[in-house]
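Heads up, the thing below is written out as structure tokens.
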Amino acid sequence: MGGWFYGLTRGLGERNVSLRRDQFRLADDPSFCLHVARALVAGKIRNQRTLLQRNHVEPPQAAIGQMKRAIEQAERAGSLEELLGVEGNAARIYFANFAGMVKTNDEPWSGEHDQPLLSFDFTTRNRRPPRDPVNALLSLAYSVLAKDLTIVCHAVGFDPFIGYYHQPRYGRAPLALDLMEPFRPLIADSAVLSAINTRMVQPEDFVKAGDAVSLTAAGRKAFFRAYEQRMDALVTHPLFGYRVSYRRMLEVQARLLGRLVTGELKTYPVFTTR
């Protein structure tokens with residue numbers, strides 16, 4: 001319940017050798033990688049746009065229009081490098097308007113011993129280290145979601161360390177990060193907004209050391225309640241028409257990617273919401 005990842009205990013889960021052989025083979029096919037990456041990035045931007053439309057106090061029409069054009073650009077990007085540029089520009093627009101979804105009237109506060117003022121004011125995305133409470137929550141949410149999807153990859157039979165959009169790097173799981181892209185706004189960002197807007201986390205749940213801001217133990221526990229509530233929320237899968245939790249949805253999407261990899265599907269049906 002503390003959110004710390006120690007390791008995996010599992011049985012003989014490596015039986016789907018044919019899936020991994022296809023996974024490795026297609027990871028060396030630039031056209032297949034671009035095909036998958038386009039769908040993932042377009043789906044992510046589409047979900048970010050929907051979140052702004054649903055939750056912003058005054059949905060910014062200029063930004064909504066720019067993100068719609070970014071979806072179209074992602075769908076026809078000619079290379080992974082171009083796609084990275086489209087994704088980065090859409091993220092800049094999205095996070096420039098993220099503060100409009102944070103609905104709290106808390107005044108900046110000062111703890112004991114002249115601690116720096118902290119509040120839920122958000123201006124831009126920053127990390128390594130996060131320098132304000134909202135960014136601290138976002139970084140934690142993305143880390144936990146990546147961990148959950150790493151486990152899903154193992155359960156389905158994938159090797160999470162070979163991806164199609166994210167490139168291999170020591171210590172990270174690119175395929176889990178690939179699958180995570182469309183779910184960042186739907187699960188991670190939504191859990192952060194819920195934790196703040198319903199006051200599950202409070203300004204006093206954060207501490208600052210130098211430029212870095214982090215959660216206290218009580219703050220982490222409170223945030224994980226918000227995260228688990230989001231993972232348990234039910235949504236209707238647009239392809240199958242039945243309702244499942246977001247936790248189950250992660251596995252469904254991983255299995256659909258498996259069908260694409262093995263040739264049973266021609267396109268990857270990214271999960272998006274309206």
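What to note about this one:
- Gyration tensor verdict on segment 29-102 (Cα atoms; rounded if a/c is under 1.5, prolate if a/b is larger than b/c, oblate otherwise): prolate
- This ranking places V252, V244, V156, V41 by how few other beta-carbon atoms lie within 10 Å of each, fewest first, which gives V244, V252, V156, V41.
- Taking the C-alpha atoms only, the angle from helix 133-156 to the longest principal axis of the chain is near 20 degrees.
- GNM flexibility winner over the chain from Y242, Y170, Y94 (Cα, springs under 10 Å): Y170
- Excluding same-chain neighbours fewer than eight residues apart, the lysines reachable from K208 by a Cα-Cα span under 24 Å are K103, K221.
- For the chain, built as a Gaussian network whose Cα springs stay under 10 Å, the top-fluctuating residue of L257, L149, L239: L239
- Phi angles of segment 157-165 translate, via the Karplus equation with coefficients 6.51, -1.76, 1.60 and θ = phi - 60°, into HN-Hα couplings of x, 6, 8, x, 9, 10, x, 10, 9 Hz per residue; Gly and Pro are given as x.
- Shown is the FRET efficiency for Q53 and T198, computed with R0 = 35 Å from the Cβ-Cβ distance and rounded to the nearest 0.05: 0.95.
- Shown is the FRET efficiency for A99 and K68, computed with R0 = 22 Å from the Cβ-Cβ distance and rounded to the nearest 0.05: 0.55.
- Straight-distance candidates among the lysines for linking to K68, with alpha-carbon spacing under 19 Å and chain neighbours fewer than 8 residues away dropped: K44.
- Short-range pairs are left out: with C-alpha atoms under 8 Å and at least six residues apart, the relative contact order of the chain is 23 percent.
- Per-residue HN-Hα couplings for segment 253-265 [Karplus 6.51, -1.76, 1.60; θ = phi - 60°; Hz; x = Gly/Pro]: 5, 5, 5, 5, 4, x, 5, 5, 5, 8, x, 6, 10
- Taking the number of Cβ atoms within 10 Å of each Cβ as an exposure proxy, the fewest-first ranking of V207, V17 is V17, V207.
- Local electrostatic count at A233 - Lys and Arg +1, Asp and Glu -1, tallied over other residues with Cβ under 14 Å: +3
- Protection proxy ranking, peptides 209-218, 45-54, 222-231, average beta carbon neighbours within 10 Å, highest first: 45-54, 222-231, 209-218
- For segment 133-168, the residues whose amide N sits under 17 Å from a probe point set 7 Å from the Cα of R259 along the beta carbon direction are 156-158.
- Against the chain, whose longest principal axis is taken from its Cα atoms, helix 80-96 shows a tilt of about 30°.
Taken together, the values in this text are just the output of simple stated rules run on the coordinates, not laboratory data. Everything numeric here is computed off the predicted structure, so don't read it as measured data. Note that we place each Cβ from the backbone using ideal geometry, even for glycine, and neighbour counts take in every protein chain shown.
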